[in-house]
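Scroll down for the structure; my scribbles are underneath it.
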Amino acid sequence: MIYIIGSGIAGLSAAIALRRAGYDVTVITKELHGGSSYVSKGGIAAATAIDDSPQMHAEDTLRVGDGLCDVEAVRYFTSEAPVIIEELIRMGFEFDKDLRLEGGHFRRRVHHKTDETGRVLTEFLLKEAVGLGVNIVEDELMALQIGDGVIRGFVTRERGLISNVDYLVLAMGGYAYLWQYTSNPSTNTGDGVAIALRAGAVVSDMEFVQFHPTITTLGGETMLLTETLRGEGARIVNELGERFAFNYHERGELAPRDVLSRAIYMELMNGHRVYMDLSDIEDFDRKFPGVSDFLGRHGLSNKDRVPIYPGAHFTIGGLRVNVRGETNIKGLYAIGEVADTGLHGANRLASNSLLEALVMGFNLPRYLSEPWDGPRLDDGLLVTIKLRDNGPLMSIDEVRRVNWEYVGILRSGEGLRKAVDLYERVNMAVSTKESNAALVSYLTAYAALLRTESRGTHYRVDYPGKDINWQKRIYFRVSP
Ligand code: FAD
């Protein structure tokens, strides 16, 4: 039996592939429709067009990744991308015929199903997995049992200890819900990273949190306004109608997400209001039915300006793995957003994360029988931390407030030091949702404090330039 924790696109792809390869598979998930996959919008990047190539896709990924991508991982995922799209089509998934353009891409290569790719694809994969006999149960991972650097078992809230486990696949998503303003659902609180770190796994790139520039909340309902809207002609304007994004980047609305998020954040901080103007998009209701329904529910249409703000969206850091998903603990795999392969570097190219989740999931069986390799850990700074095992817990709401204020879009040494001090008073050794949230936030603030430069998604007002000495990763592990 192989256990997979998490029922997002990474977990379900792995479940299907492992079942097809003849394994018995059980998926354990906190919430069947929790996680980012179900709400993801724009699509999956893959170079399938005649004027495109995996090499061009790799070049865009490397440029946006700002010097920290793992080049081998970039080559692997961009060349596997067309194969995965082909596989989904072979399975019967019907993408829309057109390819969309998103920020940071120099070609139209985003494969999508209207503007609800994630929901439609998750439902498709779920049906396929159940049809193949994958067992799916709702429960919550609490801890791992490791012996001599090898996975032995794990503990869940309902089932207690499950032992004699040879392989465990973590597909538990990221932790971007832990910022006050976010596009993420409330399941994304960093359980996977925190639980595995406590058990001895190495994590990396925690300072790199991607903020999405265009989130809206209308009548208490939050929605991410997908990047493909801008590819199709949406404009970002202030209350004076000025397209201020061009003051920050020559590509204006199609600038990389970090640049655009900072531009919108600055505009808001300077007392302006910021809107998305959708009125130039042709055939809007057919192309973007999800956004159209959402606007309609709140008495608006694409002829109205929609108020927007930036928020935490994707956590680049996570459990350090190679492209096979192998962590430094034998038998323990991590795939999808919980993992860090180095594909995204310091900044993620839009629509590369569903791609990464699918490739890691579908390709997993081919690596199970091969000798364990493990991730590379020698290209950076390895920091060993000790976890405080007493003291109070911090509520999730408080964590979200601290992160937004001190570990947000614009960071400073002073603010990061405050966040680190606050988290160091908290009990981060127990396995609770609150403790997990504080632990991953602590590592994010700590890494951001150490990285005295600005690169990719990490922007320090006191170190606004890039520093060649920081062209390396920061790894964390707990002291044994
Ligand atoms: P998730 O889909 O986040 O799934 C995590 C799973 O882990 C969930 O099933 C959850 O229930 C489970 N889980 C968590 N903790 C526990 C626990 N303790 N025990 C048991 N189970 C647990 N990326 C793109 O490439 N293209 C896009 O267009 C795009 N749009 C996006 C739009 C939005 C609004 C958001 C939020 C993200 C978007 N992303 C997009 C990012 C992308 O959706 C995610 O990176 C991807 O879906 C992650 O998939 P995953 O399977 O790794 O994790």
Using alpha carbon centers only, region 405-442 is separated from region 69-147 by a whole-angstrom value of 31 Å
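Counting only protein heavy atoms and using a 1.4 Å probe, what share of the accessible area of region 349-422 belongs to carbon plus sulfur, as a whole percent?
The computed percentage sits at 47.
Report, please, the projected area of the chain averaged over directions, based on the convex hull of its C-alpha atoms, in nm². Working shown, then result.
Numbers: hull surface 84.1 nm².
If you wrap the Cα atoms of the chain in a convex hull and average its projections, you get 21.0 nm².
Quick check on region 233-276: what does the Kirkwood estimate of hydrodynamic radius come out to from the alpha carbon pairs, in Å?
10.2 Å
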Quick calc of log₁₀ I(q)/I(0), region 183-270, Debye, one scatterer on every Cα, no solvent, q values 0.12, 0.14, 0.18, 0.22 1/Å, result -0.51, -0.65, -0.90, -1.12
Kirkwood calc, region 248-383, C-alpha pairs only, radius in angstrom 18.4 Å
Normalised Cα Rg of region 4-43, dividing by 2.2 N^0.38 Å with N its residue count, works out at 1.22
Cα-based Rg then Dmax for region 29-150, in Å, read 17.3, 51
Against the 2.2 N^0.38 Å rule of thumb, the C-alpha Rg of region 350-389 sits at a ratio of 1.77
Under the Karplus relation with 6.51, -1.76 and 1.60 and θ = phi - 60°, whole-Hz ³J(HN,Hα) for region 97-108, x at Gly and Pro, equal 6, 7, 9, 9, 9, 9, x, x, 8, 9, 9, 6
Per residue, accessible area of region 380-478 with a 1.4 Å probe, heavy atoms of protein chains only, in Å², comes to 42 Å²
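Starting from the alpha-carbon convex hull of region 133-254, give the projected area averaged over all orientations, in nm². Kindly include the intermediate steps, with their values, before the conclusion.
Values: hull surface 49.4 nm².
Result: 12.3 nm².
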Computed on Cα atoms only, the convex hull of region 380-478 has an orientation-averaged projected area in nm² of 6.0 nm²
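Run through every distinct alpha carbon pair of region 66-115 and return the Kirkwood hydrodynamic radius in angstroms, one decimal place. Show your work: numbers first, answer last.
On the way: mean 1/r = 0.0794 Å⁻¹.
This gives a value of 12.6 Å.
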Taking only C-alpha positions in region 98-185, Rg and Dmax in angstrom work out to 18.6, 51
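Among the listed pairs Lys30/Lys127; Lys41/Lys287; Lys30/Lys287; Lys41/Lys303; Lys386/Lys418; Lys127/Lys433, give every one whose C-alpha distance is greater than 23 Å. The partial results should precede the final answer.
Working: Lys30/Lys127 18 Å; Lys41/Lys287 12 Å; Lys30/Lys287 33 Å; Lys41/Lys303 21 Å; Lys386/Lys418 18 Å; Lys127/Lys433 30 Å.
Among Lys30/Lys127; Lys41/Lys287; Lys30/Lys287; Lys41/Lys303; Lys386/Lys418; Lys127/Lys433, the Cα-Cα distance tops 23 Å for Lys30/Lys287; Lys127/Lys433.
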Placing one equal point scatterer on each C-alpha of region 214-310 and summing with Debye, one gets log10 I(q)/I(0) at q = 0.13, 0.14, 0.22 Å⁻¹ equal to -0.40, -0.47, -1.17
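The values are calculated or read from the model by the stated rules, or taken from the named source; none is laboratory data. All figures in this text were calculated on a predicted structure; none of them were measured in a lab. When the accessible area is computed, the model is the full protein with side chains, heavy atoms only, and any ligands, DNA or RNA have been set aside. Shrake-Rupley method; radii C 1.70, N 1.55, O 1.52, S 1.80 Å.
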